[in-house]
Structures are given as C-alpha cells and as structure tokens.
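To start, the structure under review is shown below, and the notes come after it.
Since every read-out is calculated from the coordinates, none of them should be taken as a lab result. None of the values given here were measured: they were computed from a predicted structure. No Cβ is skipped: glycine too gets one built from the backbone with ideal geometry, and neighbour counts run over all protein chains shown.
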Amino acid sequence: MQRILVTGGSGYIGSHICVELLTSGFQAVVVDNLSNSNREAIRRVETIAEQSVDFIQGDILDESLLRRVLEDYNIDAVVHLAGLKAVGESVSHPLRYYDNNVAGSRSLLQAMDAVGLKKIVFSSSATVYGNPSINPVAESAALNPTNPYGRSKLFVEEMLADLASSDDDWHVAVLRYFNPVGAHHSGLIGEDPLDTPNNLMPYVSKVAAGKLERLSVFGDDYSTRDGTGVRDYIHVVDLAKGHLAALNSLSTGTGVDVYNLGTGTGYSVLEVIREFVEAAGHDIPYGVVARRPGDIAECYADPGKAERELGWRAQLGLAAMCEDAWRWQRNNPEGFQ
Ligand code: NAD
Ligand code: WQD
C-alpha cells in the first residue's frame, strides 16, 4: 500500500484529498500545524472513510520533523498543500507568505531530497496567471501574479522546475486550481473559515444560513454576460480526485508537469447566487457594490491537458457544488467547533 504524506491535510482541500486517498487504497499521513484548520476534520475523514489517518501536528518549516516523518512512515509520495492562502493578508503581511509558502516549501523539498524521496504533487493556483488575456486559460499562458500570495505560488513552481532540471529523479505535478467550492456529499467535511469569508461561495452560504446579513456583489459593470465577475468554480471532490490522477501519473511523468484543474465553464456571481437560492430553497439578500480592488472580470480554465494526460475531468456541476456547500453549512452551523 502506498503511503502519502499530505501537508496541510486537515484543511479544506486536504481533508477531501485524504478521503479520496483512503477510499482508493492509499494510506494518508498528515502534517499540519492547525493554523487554519481543526483536528476534528481528520476525525470526520476517518468516519467517512472508515479508516484511520496518521496525524502529526507540526510545521513544514521544521525540516527535521519532516525528515523523521518521511523516514518513519516510509512515505512514497507527497501531496503538498500546507500554506497560507488569503490574498489580502498577503498584501499586508508579505513576509508571512514568503516564509510559510516559499520557505516552508523549501524546507519540505530539502527534507525530501535528504531522504531520497522525489515525488510530489503541489497545490498551485490559477492566481499565477494574474489577469489572463485569453479565456479559457491554458497552462502555456503568461504567468503574471498580482499579489504576494500568487508570487509565492509561482516561486515554488519555479523552485520545483529548477530541482527537476537538476536531477532526473524528481517527478513533480503542479496543479493550478481554479475556484474550489462545495463540500463532501456526506456533509461531514467542508470549508470552515475562521473569520468572515473573503470568497464568494462560503460568504453566500453564511448569508443563506442567516449568519451574515447580506452578500455584496463586487461590481456589475464588467464586460461579462451579466456584468458580474466570471470564475471557474470546481467541486472540491472533483479537485481531490485530480490529485489521485496526478499521483498515479508521477512515475511516468517528465520532470515537472503542470495541469489546470478546473471545469472549463465559467459562472457569474449572479448565476452562483441563483443556483444557491435553488439549493437553499429560499432567497439570499444581496446588493451590488463597487468592484473589489484587484479583481478581474473573467477567468476559466482550459482543462484539456489534464483530461488528455491524466485521464481526469471534473464531473460535478454548479448545482452539486451549491447543494453540497449548503448541506455542509446547514449540518454544521458552527463549522467543526
Ligand atoms: P486551508 O487553509 O484550509 O488548508 C491549508 C492547511 O495548511 C491548513 O490546514 C493549515 O493549518 C495548514 N498550514 C498552513 N501553514 C502551515 C505550515 N507552515 N505548516 C503546516 N501546516 C500549515 O486551505 P485550502 O483551501 O485547503 O488550500 C490548500 C492549498 O491549496 C493551499 O496551498 C492553497 O494555497 C491552495 N489553493 C487553494 C485555493 C482555494 O481557493 N481554496 C485555490 C488555489 C490554491
Ligand atoms: C469570486 C467572484 C468576486 C466575494 C480567490 C483568490 C485566488 C484563489 C481563489 C487561492 C469574484 C465575487 C466575491 C463576495 C463577490 N485562491 N465576490 N462578493 O477572487 O476568483 O479568487 O480565491 O489560490 O487566488 O484570489 O474568488 O471567491 O473571492 O471571488 O461579488 O463577497 O465573486 O468579485 O468575481 P477569486 P472569490
């Protein structure tokens, strides 16, 4: 049985990846410092998969801890999600991002190199494209992140590319996620933001649940079909399955392979609200306000490369994303608390 180290495995996306790993015959070992997640998420993963996860509370900046984990658990490959992800915070506290995301990744790669484990799947983001000039966005599009968070992702991508060109033994899959949303169908795990959410879907969920008063739609004067921003929302379970496809491809891959993980379809803010109203069965108060600084009009993926090379394609549509997000919200009004 292959043993996979999942850094950041108790977080939103990591917990869903752990479920897919366990139910596909892998063993999951998680290292997470719980800076943005709850230990309860791992217990819920174990309930869903009816298998246990080896959980180690620790920081990826702790290189000697990582070395010990890689050796003690005889790890076969790493899925690396640990990091900070708030764009606004990255602008006000850039060093936190260069430390956690860039130095943290360097520490992990150093530990892997030291023990001779050279297979990794890395969580990157469509944010590395910045404001794409053409949609759908292919992996070959220009990379032009516009904030420290996005740059931290790009720097790690470049670090991985340098490593792979220095040593043929490295097998790397870089996954550029578009907009992950939704939750596991069981309603047991989902996104649990510690503060008021910045992202659309968790915000809509909390308004639908009456925990926030109303949604602000950031601008309706973009050159999109209804004037509101268009994004490629992808169900987190589809996203998690993309990691398994990437893991399975690692040994046959060529150094570094980069894949967009998106559905290929863009939805506007108003379309998301309408679908969420359907899922929740009642109205969601919203009003249009000014554009959010730094936002772009439109961004959706060309996911063709992942389909051709990994045999992976997103299966779940916007209705399932909203229904599953709503089930998670309704069943867990206080999140994991
Ligand atoms: P999350 O915050 O829920 O998960 C990240 C996990 O990493 C958390 O459990 C946190 O406690 C842990 N962590 C942070 N710093 C750490 C450190 N130094 N050592 C150990 N653990 C640490 O976020 P998520 O949405 O699950 O995102 C997972 C990854 O995917 C991140 O790298 C993120 O940048 C990337 N990503 C997320 C999105 C998105 O919209 N959610 C989009 C693109 C890429
Ligand atoms: C989606 C749309 C908003 C909130 C961010 C990061 C990106 C990635 C995913 C990690 C936009 C609109 C939002 C609200 C709104 N994360 N909106 N009212 O901005 O595409 O991407 O998360 O890698 O790096 O930048 O996602 O969910 O914040 O916004 O009208 O209260 O919803 O303007 O059009 P975004 P989002």
*Scan region 82-98 for residues that are within 11 Å of ligand 2 (Cβ to nearest atom) and within 16 Å of residue 35 (Cβ to Cβ) and jot them down.*
83, 84, 85, 86, 90
*Determine, yes or no, whether residue 239 is away from ligand 1 (no atom under 16 Å from the Cβ), closer than 27 Å to residue 330 by Cα and either surrounded by fewer than 24 Cβ atoms within 10 Å (Cβ to Cβ) or touching a residue at least 24 places away in the same chain (Cβ under 8 Å) (or both).*
no
*Which one is farthest from the chain's Cα centre (by Cα), of the residues in region 180-200 that are within 12 Å of residue 233 (Cα to Cα) and surrounded by fewer than 23 Cβ atoms within 10 Å (Cβ to Cβ)?*
200
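Yes/no per residue for (1) assigned to a loop (DSSP other than H, G, I, E, B); (2) under 19 Å from residue 241 (Cβ atoms); (3) in contact with a strand residue (DSSP E or B) (Cβ under 6 Å, 6 or more places away or on another chain):
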position	(1), (2), (3)
6	no, yes, yes
9	yes, yes, yes
21	no, yes, yes
29	no, no, yes
37	yes, no, no
41	no, yes, no
45	no, yes, no
48	no, yes, no
*Return yes or no: is residue 63 crowded, with 17+ Cβ neighbours inside 10 Å and over 20 Å from the mean Cα position of the chain (by Cα)?*
yes
*When residues of region 66-102 are limited to those that are within 14 Å of ligand 1 (Cβ to nearest atom) and assigned to a loop (DSSP other than H, G, I, E, B), the one farthest from the chain's Cα centre (by Cα)*: 93
_Test of understanding: among 233, 203, 259, which residue is free of Cβ contacts under 8 Å to residues at least 24 places away in the same chain and crowded, with 17+ Cβ neighbours inside 10 Å?_
203
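Table: residues versus (1) outside any loop (DSSP other than H, G, I, E, B); (2) of a type in the set (A, V, I, L, M, F, W, C).
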{"position": "259", "(1), (2)": "yes, no"}
{"position": "263", "(1), (2)": "no, no"}
{"position": "277", "(1), (2)": "yes, yes"}
{"position": "296", "(1), (2)": "no, yes"}
{"position": "305", "(1), (2)": "yes, no"}
{"position": "316", "(1), (2)": "no, yes"}
{"position": "319", "(1), (2)": "yes, yes"}
{"position": "333", "(1), (2)": "no, no"}
{"position": "337", "(1), (2)": "no, no"}
